[in-house]
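K.L.:
One structure is given below, represented as structure tokens, and several questions about it will come after.
Derivation of every value follows stated rules applied to the coordinates shown; laboratory data play no part. Model, not experiment: these values are computed from the prediction. Here the Cβ is made from the backbone with ideal geometry for all residues, glycine too, and neighbour counts use every protein chain on show.
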Amino acid sequence: MDTALAAPAGARDFLRSECEAVHHRLDSRLTGIDFDDRDAYAAMLSRFSAPLTAFESALEAGAAARLFDDLSERWRARPLLADLHDLNGRFDRRQGAPIEDEAEALGIMYVLEGSRLGGRVLARRAAESADPAVRGATRYFRHAENAGHWRSFLSRLEASEAVRLKPERAKAGALAAFAAFEAALA
Ligand code: HEM
């Protein structure tokens, strides 16, 4: 039975603590990749494509489209495709089933939007690569870096009555998204 989030524990703090372990595993896994090796870098980006396109299409077809009028501006499939085109990497496009539950949709978006923060770290590493093709293929990690998407997402998350009443659904969405990225990057 869902127990509503009691103030002042915000939704982000709740999701961050529930996702800390898997985030740490992903962080360690990606930190171990050699960004001077073009094939290794392209393989990492390629593995992002399946979970990213599955979740973006599932959100677009469900509740998220009612929650954000700038949803398509947040999507990163196109910049990822452009990076992989430059690196001759494989882009694996998937179609996900619509996610109608608001709390679950916001949990999944927490992972997609939150990963922009780590993306900045990875973009800086790529910019220092010995390989010019890697240095040029950072559109995915740098997407809309000045648009404030993370901040505006957090305000929508904290304002969601659905998340406040059903935090376990948001947690389930976030952990499912992390698990999909972890499986893809395994
Ligand atoms: C080497 C790889 C990664 C690094 C270095 C990294 C680094 C970071 C950093 C520095 C933050 C900000 C933490 C804060 O403000 O307290 C962050 C947040 C976050 N990252 Fe990562 N990250 C990585 C990979 C990923 C991946 C692959 C995903 C998901 C697919 C992800 C999802 C998130 C999420 C959801 C947050 C928001 C956490 C919060 O609520 O603050 N990260 N990451």
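K.L.:
With +1 on the Cβ of every Lys and Arg and -1 on the Cβ of every Asp and Glu, and nothing else charged, how large is the dipole of the stretch 42-120 about its Cα centre, in debye rounded to the nearest 20?
P.N.:
Working: 10 positive and 13 negative charges, 89 e Å.
Using Cβ point charges on Lys, Arg, Asp and Glu, the stretch 42-120 gives about 420 debye.
K.L.:
Using a/c under 1.5 as the rounded threshold, could you call the chain rounded, prolate or oblate? The axes a ≥ b ≥ c are square roots of the C-alpha gyration tensor eigenvalues, and prolate needs a/b larger than b/c, oblate otherwise.
P.N.:
On the way: a/c = 2.00, a/b = 1.75, b/c = 1.14.
Note, shape of the chain comes out prolate.
K.L.:
Choose one of Ala126, Ser160, Ser17: the residue whose Cα lies farthest towards the positive end of the charge dipole of the chain (beta-carbon charges +1 Lys, Arg; -1 Asp, Glu; about the Cα centre).
P.N.:
Looking along the dipole axis, the top candidate is Ala126.
K.L.:
Farthest toward the dipole's positive end in the chain, which of Ala50, Leu81, Ala172, given Cβ charges of +1 (Lys, Arg) and -1 (Asp, Glu) about the Cα centre?
P.N.:
Leu81
K.L.:
Under a point-charge model restricted to the Cβ atoms of Lys and Arg (+1) and Asp and Glu (-1), what is the dipole moment magnitude of the stretch 72-117 relative to its Cα centre, in debye to the nearest 20?
P.N.:
300
K.L.:
Note down the relative contact order for the chain as a percent, whole number, built from C-alpha pairs under 8 angstrom at least six residues apart. Mind dumping the intermediate values first?
P.N.:
Details: 246 pairs, mean separation 67.2, N = 186.
It rounds to 36 percent for the chain.
K.L.:
Could you work out [θ]222 nm for the chain from helices alone, using -39500 (n - 2.57) per DSSP H run of at least four and dividing by all its residues? Round to the nearest 500 deg cm²/dmol. It would help to have the intermediate numbers written out before the result.
P.N.:
Values: 11 runs with 131 residues, N = 186.
After summing the helix terms and dividing by residue count, I get -22000 deg cm²/dmol.
K.L.:
Still on this structure, I have one more. Using the basic label-point model (7 angstrom from Cα toward the beta carbon), what is the Ala130 to Ala61 distance in nanometres?
P.N.:
Once both label points are built, they end up 4.5 nm from each other.
K.L.:
Next question. Taking every eigenvalue of the Cα gyration tensor of the stretch 1-110, multiplying by 5 and rooting it, what semi-axes result, largest first, whole Å?
P.N.:
On the way: eigenvalues 170, 82, 22 Å².
For the stretch 1-110, the semi-axes come out at 29, 20, 10 Å.
K.L.:
Now for a different question. Need one word for the stretch 105-186: rounded, prolate or oblate. Basis is the Cα gyration tensor (sqrt eigenvalues a ≥ b ≥ c); a/c below 1.5 gives rounded, then a/b vs b/c decides.
P.N.:
Values: a/c = 4.35, a/b = 1.84, b/c = 2.36.
In terms of gyration-tensor shape, oblate.
K.L.:
Placing +1 on the Cβ of each Lys and Arg and -1 on the Cβ of each Asp and Glu in the chain, which of Gly148, Leu59, Ala183 has its Cα farthest towards the positive end of the resulting dipole?
P.N.:
Toward the positive end, the furthest listed residue is Gly148.
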